[in-house]
Amino acid sequence: MPIYMIQASYTPQAVASMVKSPQDRAAAIKPMIESMGGKLQDLWFSFGEYDIVVIVEMPDNLSAAAIAMAVGSSGAMSTYKTTPLMSATDAKKAMKKAGGAGYEAPK
């Protein structure tokens, strides 16, 4: 299954809610991901531009987009970004394929 990295930032209201009532956000989102045919690999809280980083396996792009829409429509996130990930093995295959693509750079 394709793997995706989700990076998101909570709104101030969502952070206030979690401070008032601490909660396991991985446990909270796992059922939603599984209902879309996916698997939660892990969730980390982070410092900086994003508050959380989530790694999920999803059956396809449509399912990953549905997760983004469901979370985005909640109003709990101020930013949300989904990045498809590629294994090192697949990246090497892509490099080999690119070598035979015949692309010519502008001169």
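Quick notes on this structure:
- Take the chain and mark each of the chymotrypsin sites (Phe, Trp or Tyr not before Pro) that is in a DSSP loop with at most 13 other Cβ atoms within 10 Å; the longest unmarked stretch, sites excluded, is 48-102.
- On Cα atoms only, tilt of 88-99 relative to the major axis of the chain in degrees: 40
- When each of Lys39/Lys81; Lys81/Lys107; Lys20/Lys81; Lys39/Lys96 is checked by Cα-Cα distance, pairs over 28 Å: Lys81/Lys107; Lys39/Lys96
- The trypsin sites (Lys or Arg not before Pro) found in the stretch 1-96 include none that occupy coil by DSSP while having at most 12 further C-beta atoms within 10 Å.
Bear in mind that the values in this text are calculations on the coordinates, not laboratory data. Values in this document were obtained by computation on a predicted structure and should not be read as measured data. When we count neighbours, we look across all protein chains shown, and the Cβ atoms used for this are built from the backbone with ideal geometry, even at glycine.
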